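Read the figures in this text as sums done on the coordinates, not as results from a lab. A quick note: this is a predicted structure, and the numbers were derived from the prediction, not measured. Cβ: placed from backbone, ideal geometry, glycine included. Neighbour counts: every protein chain shown.
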Amino acid sequence: MSADAEPDDFTLHDYWRSSASYRVRIGLNLKGLRYAQKPVHLVRNGGEQHGAEHHALNPMDAVPVLVHGANVIRQSLAILEYLDEVAGPAAPRLLPVDPLARARVRSLALLIACDVHPLNNLRAMQYLERELGAAADVRETWMRHWMAEGFRAFEALLATDAATGLCCHGDTPTLADACLIPQVYNANRFGVDLAPFPTIRRVNEHCLSLPAFDAARPERQPDAA
């Protein structure tokens, strides 16, 4: 660990069922970093993320936010890359050193983080409900459609590339796995049929058998309902 990354100096502002927060918990655990958690309830009292204290940390009124000493880092993928840089060379890398491998891992992670997750997150669902009057069954059909579309592409990218191993890239978890596993959790929660995606299911099963992923599960968090 580098000199400016004290092991007890990380505080993660998160919510137990936020998939973006789930990604960061996985990353912190994979890096072996100790951290404090400050839960931000995204539903109670209209959403604590909209309160003045959290808004000052993140003007997007979103989680996760990582506070490291006097520094504040926002956006889950930026946080994970930051952890890769401050944890030092001895810690497992979330992004490979090789440029082509690094690009593949980033592309897989971004497929989830940019193409799938934004269409299914709480803010989008609340807008569909409150502003467009979409009923619960309509919203959930929307979610299942876009998750399945993303998984079709993700499955093809895994199944047709020899670089895929026990994990999305090789046999060591990376940024791609940190993004995929929370999305599979969401898919299971909302009843997406995962039968057409055997490689995704295999990678998910393997990752969840690892202590870093197991400890990051939503139901294991201190604020889990």
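Observations on the model:
- Dipole in debye (nearest 20) - the chain, about Cα centre, beta carbon charges: Lys, Arg +1; Asp, Glu -1: 260
- Rounded if a/c under 1.5, otherwise prolate or oblate - the range 127-222, Cα gyration tensor axes: oblate
- Positive-end residue, the range 10-92 charge dipole about Cα centroid, Cβ charges, pick of H54, G27, W16: W16
- If R0 is 41 Å, the Cβ-Cβ spacing of E131 and A36 corresponds to a FRET efficiency of close to 0.70.
- Relative contact order computed over the chain (Cα-Cα under 8 Å; 6+ residues apart), in percent: 24
- Pair L110, H50: separation of 7 Å Cα→Cβ label points (nm): 3.3
- For the chain, the equivalent ellipsoid derived from the Cα gyration tensor has semi-axes of 26, 25, 14 Å, listed largest first.
- Whole-Hz ³J(HN,Hα) from phi, Karplus 6.51 cos²θ - 1.76 cosθ + 1.60, for the range 31-38, glycine and proline x: 7, x, 9, 7, 8, 8, 10, 10
- Rg/Rh for the range 10-92 (Cα atoms only, Rh after Kirkwood) is 0.98.
- Between A103 and L166, the simple label model (points 7 Å from Cα in the Cβ direction) yields a spacing of 2.9 nm.
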